[in-house]
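The values are calculated or read from the model by the stated rules, or taken from the named source; none is laboratory data. Given the structure is predicted, the values throughout are model-derived calculations rather than measurements. Don't worry about glycine lacking a Cβ; one is built from the backbone with ideal geometry, like all the others, and counts go over all protein chains shown. Calculation scope for accessible area: heavy atoms of the full protein, side chains included, ligands and nucleic acids excluded. Shrake-Rupley method; radii C 1.70, N 1.55, O 1.52, S 1.80 Å.
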Amino acid sequence: MPPLVATYSLVASDLEAGQWGVATQSKFLAVGSVVPWAEPGAGAVATQAYANPRYGPDGLALLREGLSADEVVERLVAADEGRDERQLGVVDAAGGGATYTGSGCYEWAGGVAGKEFAAQGNILVSGATVDALADSFAASAGRPLAERLLEALGMAQAAGGDRRGQQSAALLVVERDGGYGGLSDVRVDLRVDDHETPVAELERLYRIHDLLFGRTPPEQWLDVDEALAAELRERLAPLGYDGELSDAFDRWAGTENLEERIDGIERIDPVVLEELRRR
């Protein structure tokens, strides 16, 4: 018998940003190890209820071939004898969404799909949880995908969530070359495996992630003039980073895991400057 991943999830895309992602919460240990799957340029999948983990890689393979979300759902469940106990959400390369809930899933169970999203859940307090996922996503258009997914999780939990309670949560966002150093397609991959309030803890982890790896628009960066350069030296020296400013600044940023937010010393990300001023 496969694991019962009683949960709610939101699968979504931001085509303008070239991102696909999944956010999920469950009364299940390490939900992020089973439910979320995504690949840039292909799409994203959430597999849950009496989960069939093969829906993840198999679904991505079908999406990679160019099948629509509806076609992927149809193919996966048709080939699965346990389809009545499965739940599945898919968003394809074009932003099409599809969701499936087997007739054997425990109440409340269901889903809704639309442009760039698929929301679904099982063993929920009520359908209000899934409605909250969909409504929150629709209301947050224009914001970063990771933030939209996280906010939707919070709204869904506030609407009732999993009727068995909370245990774990996960957030996955992919973007071609959007990960660390431009050498990975994983933009965000955060998991809370066992926690009393996993959604709140996931939000805390995301704030740290955004601090370290977020992207401030170039036009908001500050020119490092003589006065600012002097301030940087004055702040770095007591921390043990003296000598040539560019070298001292690089060493400090590397120690603080802020290397993704620096690019020389001619200009500075205001987020990095604020972190230095807090020291």
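For first residues located in the range 61-78 and farther than 13 Å from G43 by Cα, partners that are at pLDDT 95 or above and surrounded by fewer than 20 Cβ atoms within 10 Å (Cβ to Cβ) and lie 6+ apart or on another chain with Cβ distances below 8 Å form the pairs L76/D58; V77/R83; V77/G102. Confirm whether A169 is crowded, with 24+ Cβ neighbours inside 10 Å and assigned to a strand (DSSP E or B). It is true that A169 is crowded, with 24+ Cβ neighbours inside 10 Å and assigned to a strand (DSSP E or B).
One residue alone among A113, A94, A138 is closer than 17 Å to V11 by Cα, part of a helix (DSSP H, G or I) and at pLDDT 95 or above, and that residue is A138. From the list V174, V186, which residue is touching a residue at least 24 places away in the same chain (Cβ under 8 Å) and of a type in the set (V, I, T)? The unique qualifying residue is V174.
This table checks each residue for (1) open to solvent by less than 70 Å² (accessible area, probe 1.4 Å); (2) under 29 Å from Q157 (Cβ atoms).
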{"residue": "S184", "(1), (2)": "yes, no"}
{"residue": "L190", "(1), (2)": "yes, yes"}
{"residue": "T197", "(1), (2)": "yes, yes"}
{"residue": "R207", "(1), (2)": "no, yes"}
{"residue": "R215", "(1), (2)": "no, yes"}
{"residue": "D223", "(1), (2)": "no, no"}
{"residue": "E226", "(1), (2)": "no, no"}
{"residue": "E231", "(1), (2)": "yes, no"}
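Note on the range 102-129: among residues that are hydrophobic (A, V, I, L, M, F, W, C) and more than 20 Å from A38 (Cβ to Cβ), the one that is surrounded by the fewest Cβ atoms within 10 Å (Cβ to Cβ) is V125. Contact map, the range 12-34: residues that are closer than 22 Å to A93 by Cα and in contact (Cβ under 8 Å) with a residue 60 or more places away in the chain paired with residues that are of a type in the set (D, E) and in a strand (DSSP E or B), Cβ distance under 6 Å, separation 6+ or inter-chain. Pairs shown: G18/E175; Q19/E175. Annotation note: of A61, A119, the sole residue that is within 27 Å of M155 (Cβ to Cβ), of a type in the set (A, V, I, L, M, F, W, C) and within 21 Å of the chain's Cα centre (by Cα) is A119.
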